[in-house]
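Novice: Here's a structure for you.
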Amino acid sequence: MMEIDEERCQFCGRQAKHFAFAAFVCDSKDCMDKAIEERGGPGGHMKAKKHQQAMIAFEVEQKKVEEREKQER
Ligand SMILES: [Zn+2]
């Protein structure tokens, strides 16, 4: 069990009240927002995943073009 009472807010140094987005934060909304930002915003990891999918789609398209060029020869 994590002893949150012994932890300090990572952004302002006050008594931590929450463990959110992999950071100890106090009750301040500003500090919570900072914790969210450090994690890349709400759904930050989803954005990274979308980027990855876009890259895969791009590679698939590239392969299709290559295949077409081979057939035309
Ligand atoms: Zn704080």
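Novice: Straight-line reach from LYS17: which aspartates and glutamates fall under 16 Å, measuring Cα to Cα and dropping same-chain residues less than 8 apart?
Specialist: Answer for LYS17, where 16 Å is the Cα cut-off: GLU3, ASP5, GLU6, GLU7, ASP27, ASP30, ASP33, listed by chain and number.
Novice: How tilted is helix 29-38 with respect to the longest principal axis of the chain? Cα atoms for both, answer in degrees (0 to 90, nearest 10).
Specialist: 30 degrees
Novice: Given only helices, namely DSSP H runs of n ≥ 4 each adding -39500 (n - 2.57), what is the per-residue ellipticity at 222 nm of the chain, to the nearest 500 deg cm²/dmol?
Specialist: Values: 2 runs with 39 residues, N = 73.
It comes out at -18500 deg cm²/dmol, rounded to the nearest 500.
Novice: Which of the peptides 3-12, 29-38 is most tightly packed, and how do the rest follow, going by the mean number of other Cβ atoms within 10 Å of each residue?
Specialist: Values: 3-12: 13.6, 29-38: 15.6.
My ranking of the peptides, most packed first, is 29-38, 3-12.
Novice: Sorting check: for 15-25, 55-65, which peptide has the highest mean count of neighbouring beta carbons within 10 Å, and how do the rest follow? Please list the in-between numbers first.
Specialist: Numbers: 15-25: 17.3, 55-65: 10.0.
Taking the mean over residues of other Cβ atoms within 10 Å, the ranking is 15-25, 55-65.
Novice: Could you calculate the contour length gain from VAL60 to SER28, that is, 0.36 nm times the residue separation minus the distance between their Cα atoms, to one decimal place in nm? Kindly include the intermediate steps, with their values, before the conclusion.
Specialist: Working: separation 32, 0.36 × 32 = 11.52 nm, distance 4.63 nm.
Length gained between VAL60 and SER28: 6.9 nm.
A short reminder: the numbers here are calculations on the coordinates, not readings from a lab. All figures in this text were calculated on a predicted structure; none of them were measured in a lab. Quick reminder, even Gly has a Cβ in these numbers, built from the backbone with ideal geometry, and neighbours come from all protein chains shown.
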